[in-house]
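See structure below.
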Amino acid sequence: MVKKYVLITLLLAITIYSRFINLNWDRGWGFHPDENNLWGASRQIKLFSKIDPQFYAYGGFPIYLYSFLDSKVQARAISALLQTAIIGLLFITGRKLNGFRTGLLAALMGIFSAGLVQASHFLTVESLLGFFSLLLVLELVEVCETSSQRAQFRKLHMALAVIVLGLGIGTKISFAVFALPVFAILLRPGLFKKAGPFVAVATVFLAIFIFILTNPFILSKFQDVRSTLKYETNVALGNLPVFYTRQFTGTVPGLFQTVHIFPFIASWLFVPIFLIGAFVICFKEFPCRKIRRLLIISIFAALLSFIPFWAKWTRYVVQVFPALILVAGIGLSWLWEKGKIGKAVVVLTIISFLPQFFSIIKVYVGVDNRLATAEWAAVNLPRQAKIFTEGMDLGIIPFNPVHGENITLLNFYELDEDKTGQRQILLNTLINENEYFISVSNRVYGNSLRLQNRFSASAEFYRQLFDGSLKYKKIYEAIAFSFFFLPPSSPYSPEETFQVFDHPTVMIFERTLKH
């Protein structure tokens, strides 16, 4: 018993440390566009005189929540707190579903997930959605397990589940996929006996009420909300090409996440372990048939929220990742019972999370690469040095206090789309007239070098830059640290947003050919 409490205390300390360490990692520069949008929208709110955030890509709930806070760091602390609570939910739900071992193994994977640690350092909606998805599953499990003799408690858990569903949809409309397990419970005959139809109708109205309560502006700004949702949906489905979705060109849903997301937010072993867990739930003996159906539908809802999209950002996975970890925990628990080999696989799986976990911890223990590079440039580059760099990337902002007046931004995305040749002429002029070039992330060159036939102009620039034929020499580099470091143009590199928001590779090149 003493050993168990020591273990729990140690794991809690690791969880709190990893979630709350250095929440001001960017020193207020604001490198994450979603953070800036949400925080900016929250500054528009003056309860109750002004409730329109004038930003509709997400629901109103997180915006109103952040409106009560005074700083981004406080908002990030909300994410850190939610990610800490997620670990507790993983343990509680896993234990309720399949025993103490499942709860512990699920919690361990959650604690050492690099993706969840990273999400705890952003004031984005992923932590809210991950918490809501797991809490929803727990409440629905309680509905299934509560005996018919305790009908009032069953209705209470149902009401809590619906409130969570409403808050989730009020955070992001895509959370509506989790209405599937809710309605699967409601449609079970006899679960609420004669009150069944009333409970079903009350559930729908309560969910709608919670959604409107957290998004009151939708009644007066319906067309604006609809227009934003249409834009975001077209981007996600690939119907509207935009510069920030280049990396998804020619990629396959499911396979992309398996290669470019799960290995970096968790482990290379996570996907097979998840599949084993899904197999156990679907085809092996499970304690309760009603819960089995619930979990199958919940798995489907979680996968439905990100697999069908053409755009496949890390955040799409992270927002449902806790629910996927729960399934993987069931898979590990099943393997544990298969003798020494099964136990060895379980231990190896948990260990396989550690390299990326320590990599992401190092990001927040150290100085952000853009800040470190800007500090180096302030000391080592002449104040009047002429510099050009990539546009459309917030990473250049820390260079502005010292060198901002002499920095020229070039939109390399437009370079590849320009049919007149004017952008290429401008690039050649910048190459000849400037003394330095700064690359603040891999977003442009990673895709250009991987898809050289599609983005030939920018690919040729970066090829010459890196091989030295452009007559620029690299004089400084802050590398995106990882135990599994891969070049951005590698077919096995991480999805770009996993790195560029908080630990991009930053490089400075100096022109060697003087004019």
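Readers should treat all values here as calculations from the given coordinates under stated rules, not as data from a laboratory. Computed from a predicted model, the values in this text were never measured in an experiment. Ideal geometry is used to build each Cβ from the backbone, glycine not excepted, and the neighbour counts take in all protein chains shown.
Using the Cα centre of the chain as the reference point, and only Cβ charges (+1 on K/R, -1 on D/E), how large is the resulting charge dipole? Debye, rounded to the nearest 20.
Dipole about the Cα centre, nearest 20: 1920 debye.
Which distance in nm do the two modelled labels at Asn432 and Lys473 give, with both placed 7 Å along the Cα-to-Cβ direction?
In this crude spin-label approximation the distance works out to 2.3 nm.
Which of the three applies to region 105-162, rounded, prolate or oblate, going by the alpha-carbon gyration tensor with a ≥ b ≥ c and a/c under 1.5 meaning rounded?
Since a/c reaches 1.5 but b/c is at least a/b, the shape of region 105-162 is classed as oblate.
Longer than 27 Å from Cα to Cα, which of Lys172/Lys284; Lys3/Lys96; Lys312/Lys419; Lys46/Lys221; Lys312/Lys474 are they? Say none if no pair is.
As for pairs spanning more than 27 Å Cα to Cα, those are Lys172/Lys284; Lys312/Lys419; Lys312/Lys474.
State, as an integer percentage, the relative contact order of region 62-159 based on alpha-carbon contacts under 8 Å between residues 6 or more apart.
Here the relative contact order equals 28 percent.
Choose one of Ala457, Ser469, Leu415: the residue whose Cα lies farthest towards the positive end of the charge dipole of region 367-511 (beta-carbon charges +1 Lys, Arg; -1 Asp, Glu; about the Cα centre).
So the residue furthest toward the plus end is Ser469.
Contact order normalised by length for the chain, with contacts defined as Cα pairs under 8 Å and 6 or more residues apart; what percent is it?
Computed over the chain, the figure is 16 percent.
For the chain, just say rounded, prolate or oblate: build the C-alpha gyration tensor, square-root its eigenvalues into a ≥ b ≥ c, call rounded for a/c under 1.5, and beyond that prolate if a/b exceeds b/c, oblate if not.
It is prolate, given that a/c is not under 1.5 and a/b is the larger ratio.
With n ≥ 4 as the cut-off for DSSP H runs, can you work out [θ] at 222 nm for the chain, using -39500 (n - 2.57) per run divided by the number of residues, rounded to the nearest 500?
The helix contribution divided over the chain gives -18500 deg cm²/dmol.
With the Cα gyration tensor of region 367-511 giving a ≥ b ≥ c as the square roots of its eigenvalues, does the rule (a/c under 1.5 for rounded; else a/b larger than b/c for prolate; else oblate) give rounded, prolate or oblate?
Oblate, because a/c is 1.5 or more while a/b does not exceed b/c.
If I stretch the segment between Leu513 and Ile425 completely, what's the gain in nm (0.36 nm per residue apart, minus their alpha carbon distance), one decimal?
Full extension from Leu513 to Ile425 adds 29.8 nm.
Can you check what the net charge comes to around Lys312, using other residues whose Cβ is under 13 Å from the Cβ of Lys312 (Lys, Arg +1; Asp, Glu -1)?
With Lys, Arg at +1 and Asp, Glu at -1, the net is 0.
According to a simple spin-label model (label point 7 Å from Cα along Cα-to-Cβ), what is the distance in nm between Ala385 and Arg27?
A separation of 1.7 nm, rounded to one decimal place.
Mind checking which helices in the chain clear 15 Å along their axis (Cα) and have mean Kyte-Doolittle hydropathy of 0.0 or more, DSSP H runs only?
Helices meeting the criterion: 2-20, 72-98, 100-111, 126-145, 151-171, 196-214, 270-283, 289-304, 321-336, 339-352, 354-365.
Using alpha-carbon pairs under 8 Å, 6+ residues apart, how would you state the relative contact order of region 377-515 in percent?
Worked out over region 377-515, it gives 26 percent.
Just tell me which lysines come within less than 18 Å, Cα to Cα, of Lys155; anything on the same chain fewer than 8 places away is out.
Correct list for Lys155: Lys193, Lys194, Lys290.
Please give the net charge around Lys362, taking every other residue with its beta carbon less than 14 angstrom from that of Lys362, where Lys and Arg add +1 and Asp and Glu add -1.
Around Lys362, the surrounding residues sum to -2.
Could you calculate the contour length gain from Leu213 to Ala57, that is, 0.36 nm times the residue separation minus the distance between their Cα atoms, to one decimal place in nm?
This chain segment gains 54.4 nm when fully extended.
Would you kindly state how much longer the chain becomes between Glu417 and Tyr492 on full extension, computed as 0.36 nm times their sequence separation minus their alpha carbon distance, in nm to one decimal?
Answer, rounded to one decimal: 24.3 nm.
Which distance in Å, rounded to a whole number, links the C-alpha centroids of region 451-467 and region 43-58?
43 Å
What distance in nm separates the two pseudo spin-label positions at Gln223 and Thr408, each 7 Å out from Cα along the beta-carbon direction?
Between Gln223 and Thr408, the simple spin-label model gives 4.3 nm.
Would you mind working out the magnitude of the charge dipole of region 50-209 relative to its Cα centre, with +1 at each Lys and Arg C-beta and -1 at each Asp and Glu C-beta, to the nearest 20 Debye?
460 debye
Please arrange Tyr56, Tyr476, Tyr64 by counting, for each residue, the other beta carbons lying within 10 Å of its beta carbon, fewest first.
Listing Tyr56, Tyr476, Tyr64 from fewest to most nearby Cβ atoms yields Tyr476, Tyr64, Tyr56.
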